[in-house]
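Below is one structure, written out as structure tokens, with a few remarks after it.
The values are calculated or read from the model by the stated rules, or taken from the named source; none is laboratory data. The shown structure was predicted, so the numbers you read here are calculated from the model rather than taken from an experiment. Cβ: placed from backbone, ideal geometry, glycine included. Neighbour counts: every protein chain shown.
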């Protein structure tokens with residue numbers, strides 16, 4: 001379990017300092033030797049699994065009951081590629097009722113994790129129809145990572161039958177990867193919070209993106225390098 005650290009609330013005087021130097025910057029340490037401060041905001045449709053992802057990563061616990069999130073944040077200390085990072089994690093509510101409150105979370109973000117659930121095809125559609133536009137409005141230029149959640153349900157017969165009755169099917173890896181390429185995400189990741197597969201890797205990659213972000217004007221590679229394992233559990237990563 002990652003070490004916890006303090007985190008200021010939105011609007012507090014320390015929020016800007018804790019969020020680091022703004023999105024899109026690169027570096028390996030601060031001048032005085034302190035860990036880098038980086039901010040990661042987690043967004044996506046309501047009930048797609050965002051809070052479960054964070055709970056498993058931060059607390060090592062999978063919540064059995066669903067409770068809609070209004071606003072919650074965490075902070076963890078991790079080391080990625082030899083670089084110590086104080087990673088601020090901001091959970092958000094996906095429901096439209098909280099659109100105005102959620103907008104307060106975006107300031108000074110380094111990376112935004114765009115989440116969808118493989119058992120909710122519309123949650124992937126909304127990545128392009130809603131979430132990318134919202135993020136580009138509030139924090140243009142921020143680095144994106146697309147994250148598929150609940151990947152253990154991709155092969156669940158009950159889920160497949162329910163979706164089939166509506167003429168749908170679970171979101172496949174290739175579909176998510178295609179969306180990640182279209183929205184110019186830096187990473188495409190898949191995980192299962194329930195089985196704790198790919199969770200640690202998701203936040204390690206988010207931290208890695210935050211410290212190796214390309215400066216404005218640099219080009220992105222057109223091909224993805226695949227890492228991680230197959231299987232239906234969902235622990236895949238594509239570096240865009």
Discussion item. Quick check on segment 125-142: of everything there that is surrounded by fewer than 22 Cβ atoms within 10 Å (Cβ to Cβ) and in contact with a strand residue (DSSP E or B) (Cβ under 6 Å, 6 or more places away or on another chain), which residue is farthest from residue 48 (Cα to Cα)?
Written reply: 142
Worksheet item: farther than 18 Å from residue 171 by Cα, in contact with a helix residue (DSSP H, G or I) (Cβ under 6 Å, 6 or more places away or on another chain), modelled with pLDDT of 95 or more and not in a strand (DSSP E or B): does that describe residue 56?
Response: yes
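Give the residues of segment 44-58 that are without any contact (Cβ under 8 Å) to a residue 60 or more places away in the chain and farther than 22 Å from residue 210 by Cβ, sorted by residue number. Even if it seems obvious, please write down each step before you answer.
Of all residues in segment 44-58, those without any contact (Cβ under 8 Å) to a residue 60 or more places away in the chain come to 46, 51, 54, 58.
Hit for segment 44-58 is 46, nothing else.
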Item to complete: Quick one: residue 188 ticks every box in (1) assigned to a loop (DSSP other than H, G, I, E, B); (2) within 26 Å of residue 110 (Cα to Cα) except a single one, so which number is it?
Response: (1)
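Here is a check on your reading of the model: is residue 84 surrounded by fewer than 20 Cβ atoms within 10 Å (Cβ to Cβ) and at pLDDT 95 or above? Please lay out each step first, then the result.
On the way: surrounded by fewer than 20 Cβ atoms within 10 Å (Cβ to Cβ): yes; at pLDDT 95 or above: yes.
For residue 84, the condition - surrounded by fewer than 20 Cβ atoms within 10 Å (Cβ to Cβ) and at pLDDT 95 or above - is met.
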Worksheet item: Tell me, which residue of segment 149-172 that is farther than 20 Å from residue 45 by Cα and surrounded by fewer than 11 Cβ atoms within 10 Å (Cβ to Cβ) is farthest from the chain's Cα centre (by Cα)?
Response: 165
Discussion item. Given the criterion modelled with pLDDT under 95, out of contact with any helix residue (DSSP H, G or I) (no Cβ under 7 Å at 6 or more places or on another chain) and closer than 12 Å to residue 151 by Cβ, identify the matching residue among 221, 198, 217, 230.
Written reply: 230
